[in-house]
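Undergrad: Handing you a structure now.
The values are calculated or read from the model by the stated rules, or taken from the named source; none is laboratory data. What you see is a predicted model; the values in this text were computed from it and never measured. So basically every Cβ, Gly included, is an ideal-geometry build from the backbone, and we count neighbours across all protein chains shown. Please note that ligands, DNA and RNA were not included when accessible areas were found on the heavy atoms of the full protein model with its side chains. Shrake-Rupley method; radii C 1.70, N 1.55, O 1.52, S 1.80 Å.
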Amino acid sequence: LLAVTILGAALRLYGIGGQPPLTDEVLTAYSAENYVERGCCGATIGYHPNLRNILVYASMKAFGKGAFGLRGFSLLFGTLGIPILGLLIHRITRNETASLLAAFFLAIDPVHITFSRQAIQEVHTAFFFLLGTLLTVLAYPPASTVGKEDDKAFWLLPLAGVSFGFGIASKAHALFPLVVCMFYVVYVCEKGKLAWSDRAFGLLSLTLLPLAVYMLT
């Protein structure tokens, strides 16, 4: 998995300093400054969530307005999404071949590579909802193993909620895997006959917490 991740990072970073900025990336830089410094939306589409503007502004302050200032978080999230997908598939299937293939296919996927090399927020959204899904299935293990106390990690649920909140604050389609995870938590809790406090904790972590994170951005 480490080797696949290194391959994915190399494909995303190769020649990044010589890649001219797209019009959308230039507008993203203006949008980041407008939002953080003046509270205004634009010059990019105004109805998109604004976490990207905050992140791009922070990276431009740290690295300037070159390739890494504009694309730093996209490169980071695009690369980290690879091992997270592999770990998620392994957690669900317990199959090393399936998990490594999933990670490998994402590492070499031309569309994912392309978006990882741009300042826009497509890979941000995917990273956050993959991380949120992984944390959810780590917190609530598959129903067949719910009875094992040492397999529970309920404290991960708030972290999953925060991650989904960041995903929705990147782009709205992170809502769909969040809804799937909510149904998953309900199913596992019912199958394992968990206490009502555990059920409430899980559902609040995946409803009010993501909403609060979204609103804070």
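Undergrad: Please label the shape of segment 1-88 as rounded, prolate or oblate, based on the square roots a ≥ b ≥ c of the eigenvalues of the alpha-carbon gyration tensor (a/c under 1.5 means rounded; beyond that, a/b larger than b/c means prolate, else oblate). List each step's numbers first, then the result.
TA: Details: a/c = 2.56, a/b = 1.75, b/c = 1.46.
Prolate shape, in that a/c is at least 1.5 and a/b is the bigger ratio.
Undergrad: Counting only heavy atoms of protein chains, what accessible area per residue, in Å², does the chain have with a probe of 1.4 Å?
TA: Values: 10750 Å² over 217 residues.
So the chain comes to 50 Å² accessible per residue, rounded to a whole number.
Undergrad: Please list 129-139, 106-116, 189-199 highest first by mean number of surrounding beta-carbon atoms within 10 Å per residue.
TA: Values: 129-139: 23.8, 106-116: 17.5, 189-199: 13.5.
The packing order, highest mean first, is 129-139, 106-116, 189-199.
Undergrad: Based on DSSP H runs of at least 4 residues, each adding -39500 (n - 2.57), what is the mean residue ellipticity at 222 nm of the chain after dividing by all its residues, to the nearest 500 deg cm²/dmol? Kindly include the intermediate steps, with their values, before the conclusion.
TA: On the way: 11 runs with 158 residues, N = 217.
About -23500 deg cm²/dmol.
Undergrad: Here is a follow-up. Arranged from highest to lowest average of other beta-carbon atoms within 10 Å per residue, in what order do the peptides 2-8, 26-32 appear?
TA: Numbers: 2-8: 16.3, 26-32: 20.4.
The packing order, highest mean first, is 26-32, 2-8.
Undergrad: Ranked from highest to lowest mean number of other Cβ atoms within 10 Å per residue, what is the order of the peptides 82-89, 179-186?
TA: Values: 82-89: 22.6, 179-186: 16.6.
Order by mean packing, descending: 82-89, 179-186.
Undergrad: While we're looking at this one, here's another question. Number of Lys-Lys pairs in the chain under 24 Å by Cα, sequence gap 8 or more or different chains? Don't skip to the answer; put the middle values down first.
TA: Values: LYS61/LYS171; LYS65/LYS171; LYS148/LYS191; LYS148/LYS193; LYS152/LYS191; LYS152/LYS193.
Step by step, the pairs that qualify in the chain add up to 6.
Undergrad: Once a ≥ b ≥ c are taken as the square roots of the eigenvalues of the Cα gyration tensor of segment 90-217, is the result rounded (a/c under 1.5), prolate (a/b larger than b/c) or oblate (a/b not larger than b/c)?
TA: Details: a/c = 2.91, a/b = 1.32, b/c = 2.20.
In terms of gyration-tensor shape, oblate.
Undergrad: Any idea how far apart ALA195 and LYS61 come out in nm if each label point goes 7 Å out from Cα toward Cβ?
TA: Using points 7 Å along Cα→Cβ, the separation is 4.3 nm.
Undergrad: If you fit an axis through the alpha-carbon atoms of helix 122-139 and take the longest principal axis of the Cα set of the chain, what angle between them do you get, 0 to 90°, nearest 10?
TA: Long axis of 122-139 versus the principal axis of the chain: about 20 degrees.
Undergrad: Is there a quick way to get the dipole size of the chain? I mean about its Cα centre, with the Cβ of Lys and Arg at +1 and of Asp and Glu at -1; what is the value in debye to the nearest 20? Don't jump to the answer; show the numbers that get you there.
TA: On the way: 15 positive and 12 negative charges, 11 e Å.
Value, rounded to 20: 60 debye.
Undergrad: At a 1.4 Å probe, what is the % contribution of carbon and sulfur to the accessible area of the chain? Don't jump to the answer; show the numbers that get you there.
TA: On the way: 7740 of 10750 Å².
Of the solvent-accessible surface of the chain, carbon and sulfur hold 72 percent.
Undergrad: Pairs of Cα atoms under 8 Å, at least six residues apart: use those to get the relative contact order of the chain, whole percent. Display every interim value, and only then the final one.
TA: Numbers: 341 pairs, mean separation 43.8, N = 217.
Over the chain, the number comes to 20 percent.
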